[in-house]
Structures are given as C-alpha cells and as structure tokens.
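Nothing in this text is a laboratory measurement; each read-out follows from the coordinates by a stated rule. Because the structure is predicted, anything quoted here is derived from the model rather than measured. Don't worry about glycine lacking a Cβ; one is built from the backbone with ideal geometry, like all the others, and counts go over all protein chains shown.
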Amino acid sequence: MARRSLTKRQAQIAWVFLAPTQLILLVVAAYPLFRTFQLSLYRANLLDYPLRPEWVGLANYVYLIQDAYWWISVKNTVIFTVVSVVLETVLGLGIALLVNARFPLRGAMRTAMLIPWAIPTVVSAQMWRWMYNDVYGVVNDLLLRLHLIARPLAWLADPHLVLPAVIAVDVWKTTPFMALLLLAGLQSIPEELYEAARVDGAGALQQFWFITLPLLVPALLVALIFRTLDALRVFDVIYVMTGVNPSTMSMSVYARQQLVDFGDLGYGSAISTGIFLIIALFVVLYLTALRVEVD
Amino acid sequence: MRPLRFLSRVGFYLLVLLVFVYLVFPFYWAVVSSLKDPQELFATPVTYWPKHLRWQNYLDVFTMQPFGRNLLNSAVVAGTTTLLALLVGSFAAYALGRFRFFGKRPIYYAILAVTMFPQISVLGGMYVLIKTLGLYNTWWALIFSYMIFTLPFTVWVLTSFVREIPRELEEAAYVDGATPVQVLFLVLLPLMAPGLVTAGLLAFIGAWNEFLFALTFTVDDRARTVPVAIAFFSGASQYELPWAQIMAASVIVTVPLIVLVLIFQQRIIAGLTAGAVKG
C-alpha cells in the first residue's frame, strides 16, 4: 500500500516538473506546426492583418505537385544532401583515423577541428563568398598558382559551379564535426582487440576492415542520420551565398521565398508541410534504427 | 626498413599539416582580409599578408554599421534563451532522468523528435503567432521561437547527466524531509554543473548562430541579431560590398566562440558525442 502511494506521488511530481517544458513545446512547436498545416489548406496573404484566409482545400498541394520550381528545389536538396553527407563521412573518417594516432600537437589539432564547427554558418558562408570572389578571391589565386585552372572561374555565378561550391563550404564546416563524433567511436574500441589481431599477424588494412569498421558502425550510423536530417533542411549557407537562385535553392529556401518574400502564406505553408513530411519520415527511421533507451 | 619508416612518418606529418591548413585557412583569410585597406583588398595579385595593418576596419564596423546594437541584440537573445532553457529544462530532466511514471517513454520520444524538427515547417504558423502576440521585431520574438530548438536539446543533454548521478545523496535528502524542488536545486543542480555548462554552451552557440527565424521575425536593428546583420552588411552601392568590414565583423563574432571552445573543448566534445547533436 505504502509502495503504491509512493509510485503515485512520484508520478505526480514528475508531471508537475514536466509541465513547463510541455507547455512551452506545445505553444512554440506543436501549435505553430498545426497552424502551418492548417494554413496550407487556405489562400492567405502574410501581410494581411488580421488574416483573411480563404478555404481552398487541397488546391495548394495540387499546385505543389505540378510546380517545376518545387521539384528543382527537391533535386538540389537531394544532390546537396547525398554529396555533402558522403564526402563528410569519408573525409571525417579519414581525419578521425589520423587524429586517433598518437603524435605531438594532437591537442592543437583537435582544437582546430572545433573551429569550423564553432563559426556561425552565416559567417562561414560570407568568408567563403569572399574567398570565391571571381576577381579578388583567394580560391582562384591558389588554383592558378598551382596550375589547376587556366583562368579565373566565376564560382558563384556559373550555374554548373555554384552548387558544388556551396557543397564544398558545407563539407568544410561539417567534416570536423563528423570526425569528432567518429573519433569518440574509435576511442571506445578496446586496444586489446588490436593487440590480439597483431599477435595473429593481421596487417593494418586487415585490422581496419575487420575490427575498426564493424565496431564503428553504431557511431557511423548516428553521425550519418544526424547529418542527413541536417542537410535536408539546409537554408543558411545556400541563402547567404547565392540568395534565391534556381541552381542552388533548397526546399527550405524555396518555402521561405513563397512564404515571406511573396507573402503567400497558404502555398508557402503547403511547401513547409511537404518538407516536414519528408523529414518526419527520416526521423521515424532514425528513432527505430537507434532504439534510443529510456531506462 | 629504417628509411621507409622515416618516409611514412614524414608523410603522416605532411597529411596532418594539410588537414590543419584546410581547417584553419578560411578563418586566417578572414583575419587577413579584415586588416587590409581597400586598395589592397581589391587588387590583384592577391597578397597573403597585409602590407599595412588597417585596424580602422574594426572601428568602421561600429561607426558605419549598427553592429554594436546587433551584438547587444544577439547577447540578450542568446543569453536569455539559454537561461530559460536551462531553468525549465532542469525540471524536465529531473523528472525524466529519475522518476518512474506511466507515459515517460512517449514524452521522451516526443521531446527527442522536436530536436530534429525542421524549423521551416513551423515558419508560417510561428510568424502568424508572433504577429498575433505582438512580438514581431522584438527580442521576445526570437527568445520565444528559439525555445523550439534549445529546450528539447537541453532536456535531452541534462537527462543523460541526471542519470549518471548516484541516487544515494537524494535519498538521504528525502529522508531528512526535503521537498523535490529543494532536492533538485540543492542536491542535484550542483552535481549537474558540468551538464549545465555543456548544455548551456551548446544552447548559447545555437541561439547565437541562428539565422532563419532571426531573418524572418525582425525587420530592423531594433532586434536584428549578428548573423542577419552580417548577411546584410551594405556598402556605398549595391555592387560594392564592404568586404573588409564584413570580415572584421566575422572575426569579432567568431573570436569569443573560439575562446569558449578552447576553454570548454572537453565538455563540448562530451556533450556532442553523448547527445550526438546537430552542429
């Protein structure tokens, strides 16, 4: 009896302690999400105050499916996500293996790895935009000195170069973060395993293939899914470096343009809802893949 | 055997050097560009160290741009957001990390799911809500909307810290007749200090760097934060971007972050890997 009342009391306290968080998340997350979904069924202008929403049913979604610009933004986002996540994983793994070795100044290296991560995305986008400048930019200067290009390239103006240029910035900023996550995974692998392998005569490559890689899979999976979710909603780096431009615009950039710049609250909300559904799919995937433990 | 080993050692260090330069060069370039005078900045060939250092660029950021105000806005918004998230998040973390109750798992998952929310998916609804509440173009619009990514993340990181604290101390306090709130503030929070620093730091950096909401919910320098200001720095004409000033401003906002990172690197790495959060 006493035990039961204790459990009951515990539950009461827990709910009281959780109440402020739940209330705030209800107001700042659940309600705006619901409202965005609701607005996607109306035609409404952002600048009207108060709003004069006009019910249009699924018309916004019907339009969305036929909207060539939406599909361009989906294509850009998919290219951005796949290329950047693959490059970041491969380079990140390489850097993690490098920094996992013992050498003097390893601490300095780990600090250097946090620098790109700590720099605000907007700032790094502006830094690179200046470096990519077609006349005064250091990127062209370096590549010309190394004879890798014959004449200066217009990195951000050439429709074929601009998306790769933006991806390169994301890779620079995020690879070290990936490397740090993987480094933590590497350091949790017991040294004895490698010793045993060496005794059995396994070479460095075999050790990597049969010990490091399989044991790194969980850390790799976490890093990969997080990066994918992040890349799918990319906004800052693309918006700051190129503005709203069909060669680079991501789903988020397109949604904001419709919603804010064009004030089309209904259609913009339909795009937002589309993005939400796409990403929700990945979140469900993530939660089931990792089976996060609660107790 | 010997020379081969020596060669592979040299190769290794060359690789380390290459990676180091790759990571640090863009920041170095921002510093160099922020110290050049306009003639040198807009000249070819590019110079890799300024001929004379022009510190004036750093003053121009404050006299020719409203950057002081932007810094104040950012500091107030990020600071308040962090404190609020830590305060509210501590209670939730205590409940989730310690108590057993029905419905804990769904709540935990729901909070976790919000950390992965794309901000764009609430933009329309949030805009209307902020307008309705009369918060548009104020600090509160940003503090309010930043809860969506700082709070769930703080709860998550703090919960993992609560779980690692041994129960004995709390139980002793309960036996002595302490209330749950007293236990949280007097027993648990001091022990959670490392967790509070980690979560607070990451929340602060997240709020300091946020762009999409700041861009959408502010119109002028009353509430405009640093990232939006840096994205919109303008010069005498549309075609003449004040690159030296942009780079000076970039260095100004990045240096405090790098100092924080240097001081707290162990904590940050621990927080990032424990929570495996987004960057």
* Asked: Kirkwood Rh, the range B:133-223, all Cα pairs: how many Å?
  -> 15.4 Å
* Residue-by-residue Karplus 3J(HN,Hα) for the range B:158-171, coefficients 6.51, -1.76, 1.60, Hz, glycine and proline x -> 5, 4, 5, 6, 4, 4, 7, 7, x, 6, 4, 4, 4, 4
* **Between the range A:129-178 and the range B:157-230, the Cα center-to-center distance that results, in Å** => 39 Å
* Structure fact -> For the range B:8-24, Karplus-derived ³J(HN,Hα) couplings (6.51, -1.76, 1.60; θ = phi - 60°; whole Hz; x for glycine and proline) come out as 5, 5, 4, x, 4, 5, 4, 5, 4, 4, 4, 5, 4, 4, 4, 6, 9
* In a solvent-free Debye calculation with one equal scatterer on each Cα, what is log10 I(q)/I(0) for the range B:16-59 at q = 0.18, 0.28, 0.33 Å⁻¹, listed in the order of the q values? -> -0.57, -0.96, -1.14
* Structure fact -> Long-range share for the range A:87-232, i.e. C-alpha pairs more than 22 Å apart as a percent of all pairs, stands at 53 percent
* Structure fact -> Note on the range B:7-121: alpha-carbon gyration tensor, axes a ≥ b ≥ c; rule is a/c under 1.5 for rounded, else prolate if a/b larger than b/c, else oblate; result oblate
* Structure fact -> Using alpha-carbon coordinates alone, the radius of gyration and Dmax of chain B in Å work out to 23.6, 76
* Structure fact -> Relative contact order of the range B:58-275 (C-alpha contacts under 8 Å, at least 6 apart) in percent is 34 percent
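For a protection proxy built on the mean count of beta-carbon atoms within 10 angstrom, sort B:71-84, B:167-180, A:179-192 highest first, please. Present the calculation step by step, with values, prior to reporting the outcome.
Working: B:71-84: 19.9, B:167-180: 12.9, A:179-192: 18.0.
Put in order of decreasing packing, that is B:71-84, A:179-192, B:167-180.
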* To do: Multiply the residue gap between residue A:284 and residue A:63 by 0.36 nm, knock off their C-alpha separation, and tell me the result in nm, one decimal place.
  => 76.8 nm
* Value of Rg/Rh across the protein assembly as shown [Cα atoms, Kirkwood radius] -> 0.98
* Within chain A, which complete DSSP H helices have Cα atoms spanning at least 24 Å along the helix axis and a mean Kyte-Doolittle hydropathy of 0.0 or higher? -> A:2-25, A:68-100, A:162-187, A:213-232, A:265-290
* Debye sum, Cα scatterers, the range B:61-159, no solvent: what log₁₀ I/I(0) at q = 0.19, 0.20, 0.22 1/Å? -> -0.99, -1.05, -1.14
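Given charges of +1 on the Cβ of Lys and Arg and -1 on the Cβ of Asp and Glu, with all other atoms neutral, how large is the dipole of chain B about its Cα centre, in debye to the nearest 20?
Values: 18 positive and 12 negative charges, 145 e Å.
Dipole magnitude for chain B comes out near 700 debye.
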* Structure fact -> Mean projected area (nm²) from the convex hull of Cα positions in the range B:176-236 is 6.6 nm²
* Using a Gaussian network model of chain A whose springs link C-alpha atoms within less than 10 Å, name the residue from A:275, A:149, A:95 with the highest mean-square fluctuation. => A:149
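Starting from the eigenvalues of the Cα gyration tensor, five times each then square-rooted, give me the equivalent ellipsoid semi-axes of the range A:1-150, largest first, whole Å.
The three semi-axes for the range A:1-150 are 45, 35, 16 Å.
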* **Residue-by-residue Karplus 3J(HN,Hα) for the range B:56-65, coefficients 6.51, -1.76, 1.60, Hz, glycine and proline x** => 3, 3, 5, 6, 4, 4, 8, 8, 9, 10
* **Amide proton proximity set for residue A:42, modelled H, under 5 Å, gap of 5+** => A:56
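Which values, in whole Å and largest first, are the semi-axes of the equivalent ellipsoid of the range B:36-91 obtained as the square root of 5 times each eigenvalue of the Cα gyration tensor? Working shown, then result.
Values: eigenvalues 319, 40, 12 Å².
After scaling each eigenvalue by five and taking roots: 40, 14, 8 Å.
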* To do: Taking the dipole about the Cα centre of the protein assembly as shown, with the C-beta of Lys and Arg at +1 and of Asp and Glu at -1, give me whichever of A:137, B:33, A:84 is farthest to the positive side.
  => A:84
* **Helix axis angle, B:67-98 relative to chain B longest principal axis, alpha carbon, degrees** => 30 degrees
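Normalised by the empirical 2.2 N^0.38 Å for globular proteins, what value does the Cα Rg of chain A take?
Numbers: Rg = 24.4 Å, N = 295, 2.2 N^0.38 = 19.1 Å.
The reported ratio for this selection is 1.28.
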